[in-house]
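Structure record follows, encoded as structure tokens.
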Amino acid sequence: MPPTNGNPCMRTPTSSSHNSRSNAGARCPQCATLPICFMGCLTEASRSLLSPCVTESAFGKGDLLLTEGEVAQHVSMIKIGAVMVSRQCEGGHSYPVALIGRGNTLGEYAVYGHDEQISASALSAGRVCRLEVADFYRLGVVDRQFHACVQARIVRSHGGLADWSRVMRIKGVKQRLLATLHLYSREQGAGIMRLPSHVALASLLSTTRESIARSLRQLEIAGLIVRHDRWHCEVVAPDHGHSQRE
């Protein structure tokens, strides 16, 4: 049955979700994240068709944004916020493997009907834009450019995970932490970043909260980072290990 309200999305939204969808789609051309967002990679014609279907919502610290082993129903674009990526081992325990943020895409494997290979949970409050996978096919935007965009996002995520794998091989907690802050700053797209909690950093780097606190002080004393307050810092040391592949 075709939509009855002029909205190209098949779902019949509630009043509040309709406002969210309309406002989010209308803001796409002016969104500061568009140049690094999945939507920004699509053709203008595809963006015009999909924009009314975009839903933007807030998430809170601890919210699960993606579940490993399930086929996602949405492709999600992180607009703002910090997200921890984890991978489950054979024993069923999940281990953190990366920190991601603004501009990253979640759920792109669902376009091809594949299970997600990672889980993602929020380390901070933030906002995410979502598109239902079914809308891509129903609206006829799955063309060569669309596939190129999805595959580019997958390639980018693989490169990012490879960078995080390199960080884990660096000797010494202080040097691993410095490399982590470099990568995380790049993920956030800002010089001054909000630090994840000491617990989150310790879990990611397989160390203790005390070691993280001590290493942060050492990096600050050495002039490699600048602490603007308890939660915000800026990395001023050159990133010699920065990956050249974007």
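The values are calculated or read from the model by the stated rules, or taken from the named source; none is laboratory data. The structure presented is a predicted model; accordingly, all values stated were derived computationally and were not measured. Neighbour counts run over all protein chains shown; Cβ positions are idealised from the backbone, glycine included.
It is to be established whether one or more residues within the range 118-137 are of a type in the set (S, T, N, Q) and either farther than 16 Å from SER86 by Cα or surrounded by fewer than 14 Cβ atoms within 10 Å (Cβ to Cβ) (or both). Checked against the condition, which is being of a type in the set (S, T, N, Q) and either farther than 16 Å from SER86 by Cα or surrounded by fewer than 14 Cβ atoms within 10 Å (Cβ to Cβ) (or both), the range 118-137 yields no hits at all. The number of residues in the range 143-170 that are of a type outside the set (D, E, K, R), under 19 Å from ARG186 (Cβ atoms) and more than 19 Å from the chain's Cα centre (by Cα) comes to 2. For the range 59-88, a residue qualifies if it is within 17 Å of ARG138 (Cα to Cα) and in a strand (DSSP E or B), and the qualifying residues are HIS74, VAL75.
The set of residues in the range 35-56 being under 14 Å from the mean Cα position of the chain (by Cα) and surrounded by fewer than 18 Cβ atoms within 10 Å (Cβ to Cβ) consists of ILE36 alone. Checked against (1) assigned to a helix (DSSP H, G or I); (2) in contact (Cβ under 8 Å) with a residue 60 or more places away in the chain, GLU56 meets all criteria but (1).
Among residues of the range 222-235 that are part of a strand (DSSP E or B), those with a Cβ under 6 angstrom from a residue that is at pLDDT 90 or above and not hydrophobic (A, V, I, L, M, F, W, C), sequence gap 6+ or separate chain, pair up as VAL226/GLU234; ARG227/GLU220; CYS233/ARG227; VAL235/HIS182.
In the range 142-158, the condition of being in a loop (DSSP other than H, G, I, E, B) and closer than 30 Å to CYS9 by Cα is met by at least one residue. Screening the range 184-201 for residues that are closer than 13 Å to MET84 by Cβ and assigned to a helix (DSSP H, G or I) and picking the one that is nearest to the chain's Cα centre (by Cα) gives GLU187. Listed by first and then second residue, the pairs with beta-carbon distance under 7 Å, at least 6 apart or on different chains, first residue in the range 67-92 and touching a residue at least 40 places away in the same chain (Cβ under 8 Å) and surrounded by 15 or more Cβ atoms within 10 Å (Cβ to Cβ), second among the polar types (S, T, N, Q) and part of a loop (DSSP other than H, G, I, E, B), are GLU68/GLN117; ILE78/ASN104; LYS79/THR33; GLY81/SER124; ALA82/SER124.
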